[in-house]
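Here is the structure we will look at, set down as C-alpha cells.
The values are calculated or read from the model by the stated rules, or taken from the named source; none is laboratory data. Just so it is clear, the model here is predicted, and its values are computed rather than measured. Glycine gets a Cβ as well: all are built from the backbone with ideal geometry, and neighbour counts include every protein chain shown.
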C-alpha cells in the first residue's frame, strides 16, 4: 500500500523554500519536460487543488466540483494493469497524507488506478519510471 510518513502536521505550508512541496513538484515537472519523449503520447499534469483561498473562491471551486484530497499529479497513461497513476507529493522529509487524501487515494486504487504518496521529486521520478516500465511502483 502507500508509504505515509509519521511527521507531525502543523497546518503551516511552505510553498517557496527549497525542499517544499512546491519545489519538489517543480523539480518533478522539470524532469518530465526532459524525459517525456521516452513515452510519446503520455500526459502528466498537476492538479492545483491546494493552497489558501478566500471564502468566495473556495465556495466557487467547490460548486465547480473541487474535491478535498485529490492528489497533486496525474499521469494519464495505462501501464502495469492500471488505468493511470496519481501521485500525492510530499516534501522529502516529513509531510503525511491527510484523512481526505487517504480516502481519495483508496477510492482511486479501488477504481483501477495506481495512487501513491511519494516523498520528494527523486521518489516521484523513480515511481513514474517504474510505473511506465510496467511496475507497480
Does residue 51 fit the bill of being more than 11 Å from the chain's Cα centre (by Cα), surrounded by 16 or more Cβ atoms within 10 Å (Cβ to Cβ) and at pLDDT below 95? no
Qualifying positions in region 67-80 - in contact with a helix residue (DSSP H, G or I) (Cβ under 8 Å, 6 or more places away or on another chain) and part of a loop (DSSP other than H, G, I, E, B): 67, 68, 69, 70, 71, 72, 77, 80
All positions within region 101-130 that are assigned to a helix (DSSP H, G or I) and more than 16 Å from residue 29 (Cα to Cα): 101, 102, 103, 104, 105, 106, 107, 108, 109, 110, 130
Where residue 81 falls short, out of the listed (1) under 21 Å from residue 27 (Cα atoms); (2) modelled with pLDDT of 90 or more: (1)
How many residues does region 88-101 hold that are under 12 Å from the mean Cα position of the chain (by Cα) and farther than 16 Å from residue 124 by Cα? 1
Could you identify the single residue in 28, 75 that is under 23 Å from residue 99 (Cα atoms), touching a strand residue (DSSP E or B) at 6+ places or on another chain (Cβ under 8 Å) and modelled with pLDDT of 95 or more? 75
Looking at region 46-61, is at least one residue out of contact with any helix residue (DSSP H, G or I) (no Cβ under 6 Å at 6 or more places or on another chain), free of Cβ contacts under 8 Å to residues at least 60 places away in the same chain and in a strand (DSSP E or B)? yes
Given the condition out of contact with any strand residue (DSSP E or B) (no Cβ under 8 Å at 6 or more places or on another chain), surrounded by 15 or more Cβ atoms within 10 Å (Cβ to Cβ), modelled with pLDDT of 95 or more and part of a loop (DSSP other than H, G, I, E, B), answer yes or no: does some residue in region 32-41 qualify? yes
Name the residue that is surrounded by the fewest Cβ atoms within 10 Å (Cβ to Cβ), counting only residues in region 81-111 that are more than 17 Å from residue 22 (Cβ to Cβ), free of Cβ contacts under 8 Å to residues at least 40 places away in the same chain and in contact with a strand residue (DSSP E or B) (Cβ under 6 Å, 6 or more places away or on another chain). 109
